[in-house]
1. Scan the stretch 29-52 for residues that are without any contact (Cβ under 8 Å) to a residue 24 or more places away in the chain and surrounded by 11 or more Cβ atoms within 10 Å (Cβ to Cβ) and jot them down.
2. Among 47, 61, 33, which is within 30 Å of residue 16 (Cα to Cα), modelled with pLDDT of 90 or more and not small (Gly, Ala, Ser)?
Amino acid sequence: MGFFKGLLVGAGLGTVGGLLFAPRKGEETREKLVNDVRDIVQLTDELNDSLTEFRESLVELKTNVDTIVPEFKAGLESDIEDFKFQADPRIKQIQEQVELIQSHLPEELQTSSSEKGRFVLERPKKLK
């Protein structure tokens, strides 16, 4: 913040010095100085208003995010649980069907699986 204060003070002093040494009448110089100071004050007020609005917008955004994200996360977790709930019986049915099919195959065509529920598709060995 010190740099900006120094910058503003330097700009102000430079303006005042330039106006005082300019080849104008005293009244014109004072009027220009007053107008320049008014302009600087107005710009500073506008900047402060803009920063205040920006800060308020950030606070509102944070509030919205804090509200929406947990709801979205809870909804997503619920959807995942619903999917698992629906998928688990179907996966079990598929595994049972695979086991049933494998049990009806001749021994030469049956595959051995090291893990339950896993199967490997292999080319059948030539039948003799």
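1. First, pick out the residues of the stretch 29-52 that are without any contact (Cβ under 8 Å) to a residue 24 or more places away in the chain: 29-39, 41-52.
Correct list: 29, 30, 31, 32, 33, 36, 37, 44.
2. Details: 61 fails: within 30 Å of residue 16 (Cα to Cα); 33 fails: modelled with pLDDT of 90 or more.
None of the others qualify; the one that does is 47.
Residue by residue, here is whether (1) among the charged types (D, E, K, R); (2) in contact with a helix residue (DSSP H, G or I) (Cβ under 6 Å, 6 or more places away or on another chain); (3) over 30 Å from residue 11 (Cβ atoms) holds:
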| position | (1), (2), (3) |
| --- | --- |
| 31 | yes, no, no |
| 50 | no, no, no |
| 69 | no, no, yes |
| 72 | no, no, yes |
| 86 | no, no, yes |
| 89 | no, no, yes |
| 93 | no, no, yes |
| 97 | no, no, yes |
| 107 | yes, no, yes |
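The values are calculated or read from the model by the stated rules, or taken from the named source; none is laboratory data. Since the structure is predicted, the reported quantities are computational estimates derived from the model, not experimental observations. Every residue, glycine among them, receives a Cβ derived from its backbone with ideal geometry; neighbour counts consider all protein chains shown.
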